[in-house]
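To keep things clear, I will list the structure first and then write my remarks on it.
Readers should treat all values here as calculations from the given coordinates under stated rules, not as data from a laboratory. Computed from a predicted structure; not experimentally measured. Virtual Cβ from ideal backbone geometry, glycine too; neighbours counted across all protein chains shown.
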Amino acid sequence: MSINCDSNRVGRLLMSEQDVDKSRRRFLTAATTVVGAIGAGAAVVPFVGSMQPSARALSAGAPVEVDISKLEPGRRLVVEWRKKPVWVVHRTKQNLDDLAKLEGKLADVESNSSKQPDYAKNKHRSIKPEYLVVEGICTHLGCSPSYRPDVGNVGFESNWLGGFFCACHGSKFDLAGRVYAGVPAPINLAIPPYMYTNGDKVVVIGEDGGVA
């Protein structure tokens with residue numbers, strides 16, 4: 001990436017390398033990667049691709065910023081952090097109410113055996129109840145489950161209330177990333193360190209201000 005360009009071009013196209021080194025994060029535009037929650041079936045979601053961090057920044061695990069200001073309830077964004085997919089899901093009020101109904105079907109309801117920062121070790125597994133930030137990697141063999149916000153009889157579950165399904169070996173997770181009992185995945189989906197900034201309109205994945 002060349003940094004020998006005039007200031008007007010920098011303003012139009014991208015931040016200078018000096019700014020990248022100073023902030024150690026890149027801003028990713030999320031508007032084109034929203035997946036609707038209406039309808040059944042798995043959806044293939046591209047990573048947020050605008051202004052990708054450099055290869056060096058990715059390998060170092062540089063924080064990634066995601067604009068969630070236009071993420072509607074019931075929808076999801078997918079970004080890449082440390083070469084892993086990370087999902088940001090805007091849960092509806094019904095989604096939150098349904099979490100308690102699933103506790104009898106889950107293997108680790110209180111996330112005692114699972115990986116998450118202390119501030120996400122709660123019934124929502126999140127800082128803000130409405131937003132789930134979770135690594136999209138199945139804890140069985142590392143596949144990436146499908147986002148299944150549809151409810152009802154979905155084939156693999158007769159009374160599905162929304163969540164994530166790994167078709168590789170049948171592991172199921174609720175909309176807090178908690179694993180169902182009796183499936184191959186041993187623990188809940190991992191929650192990465194994260195925090196909010198810019199009036200809570202931006203999620204910074206990979207940084208939490210030293211809270212964790």
Fewest first, what order do Ser114, Ser69 take by the number of other Cβ atoms within 10 Å?
Ser69, Ser114
Need one word for segment 83-175: rounded, prolate or oblate. Basis is the Cα gyration tensor (sqrt eigenvalues a ≥ b ≥ c); a/c below 1.5 gives rounded, then a/b vs b/c decides.
rounded
13 Å beta-carbon shell around Val109, net charge (K/R +1, D/E -1):
+2
The summed charge of the Val134 Cβ neighbourhood (under 12 Å; Lys/Arg +1, Asp/Glu -1) stands at +4
Most exposed first, judged by fewest Cβ atoms within 10 angstrom, Lys83, Lys201 run Lys83, Lys201
May I ask for the distance between the Cα centers of segment 139-212 and segment 81-98, given as a whole number of Å?
7 Å
Neighbour-count ranking for Thr139, Thr197 (other C-beta within 10 angstrom, fewest to most) reads Thr197, Thr139
